[in-house]
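What follows draws every value from the coordinates through simple rules; no lab data is involved. Bear in mind the structure is a predicted one, so any value in this text is a computation, not a measurement. Here the Cβ is made from the backbone with ideal geometry for all residues, glycine too, and neighbour counts use every protein chain on show.
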């Protein structure tokens, strides 16, 4: 059984660096990874918020949020 993993980011240098590290490090045999660029696709803001994401970059693994560094708050991303 694979667990769901979602990496949310906004495209800033901190986010892009974290995305590369996570994408390379995550065990794809255990996790189904989706990458969501909230800067380009704001339609996922509500799902990020519901998942508990407060800032990006953030990784949600099996419904548990892990905030990575601090690129921008979700409220700032929503403002554009």
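Just a few scattered comments:
- Contact map, the stretch 51-76: residues that are on the phi > 0 side of the Ramachandran plot and touching a residue at least 12 places away in the same chain (Cβ under 8 Å) paired with residues that are assigned to a strand (DSSP E or B) and loosely packed, with under 15 Cβ neighbours inside 10 Å, Cβ distance under 7 Å, separation 6+ or inter-chain. Pairs shown: 62/3; 62/4.
- Taken over the stretch 1-42, the criterion of being in contact with a helix residue (DSSP H, G or I) (Cβ under 8 Å, 6 or more places away or on another chain) and either touching a residue at least 60 places away in the same chain (Cβ under 8 Å) or within 17 Å of residue 64 (Cβ to Cβ) (or both) is satisfied by 6, 7, 8, 9, 10, 33, 36.
- For the stretch 63-80, a tally of residues being surrounded by fewer than 13 Cβ atoms within 10 Å (Cβ to Cβ) and more than 13 Å from the chain's Cα centre (by Cα) returns 4.
- Qualifying residue in the stretch 63-79 (condition: part of a loop (DSSP other than H, G, I, E, B) and in contact with a strand residue (DSSP E or B) (Cβ under 6 Å, 6 or more places away or on another chain)): no
- Hits in the stretch 1-21 - residues which are more than 17 Å from residue 41 (Cα to Cα) and not in a helix (DSSP H, G or I): 1, 2, 3, 4, 5
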